[in-house]
Amino acid sequence: QVQLVESGGGLVQPGGSLKLSCAASGNNFSLHHVGWYRQAPGKQRELVAAVTRSGSTNYADSVKGRFSISRDNAKNMVYLQMNTLKPEDTAVYYCNARWLPYDSWGQGTQVTVSS
């Protein structure tokens, strides 16, 4: 099982960009499917983007064309490049790594999009 630590969140104006990073420690990171989720106040946690261990990606419709997920197995890192940010992207963003039966979450990083 891996441990995850997110970084890179902050306050950004609408239309701006942020890059989130997720550092994984532990074994067999390359065997994990990884993803970014977010949770806004009063809402359920939702999948934003995911990348499988083979490199296939999928995105929530709301972020397609604006966000890009990537992983670097050599560095045990996952990234989320977020462009053209909107106020509705404001949420706590969580990194997830899954290799059943193991399912690991980071502590989250706050992203606030506001002028």
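The values are calculated or read from the model by the stated rules, or taken from the named source; none is laboratory data. Source: prediction; values computed, not measured. Heads up, the Cβs are rebuilt from the backbone with ideal geometry, glycines too, and the neighbour counts pull from every protein chain shown. Note: areas computed on protein heavy atoms with side chains; ligands, DNA, RNA excluded. Shrake-Rupley method; radii C 1.70, N 1.55, O 1.52, S 1.80 Å.
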Given the conditions (1) farther than 23 Å from PRO41 by Cα; (2) in contact (Cβ under 8 Å) with a residue 40 or more places away in the chain; (3) within 11 Å of the chain's Cα centre (by Cα), report the number of the one that SER70 does not fulfil.
-> (2)
Within region 47-70, identify whether any single residue is on the phi > 0 side of the Ramachandran plot and at pLDDT below 95, and answer yes or no.
-> yes
Every residue from region 6-45 that is closer than 15 Å to ASP103 by Cα, open to solvent by 60 Å² or more (accessible area, probe 1.4 Å) and in a strand (DSSP E or B) | HIS33
Of the residues that sit in region 94-108 and are open to solvent by less than 20 Å² (accessible area, probe 1.4 Å) and in a strand (DSSP E or B), which one is nearest to CYS22 (Cα to Cα)?
-> CYS95
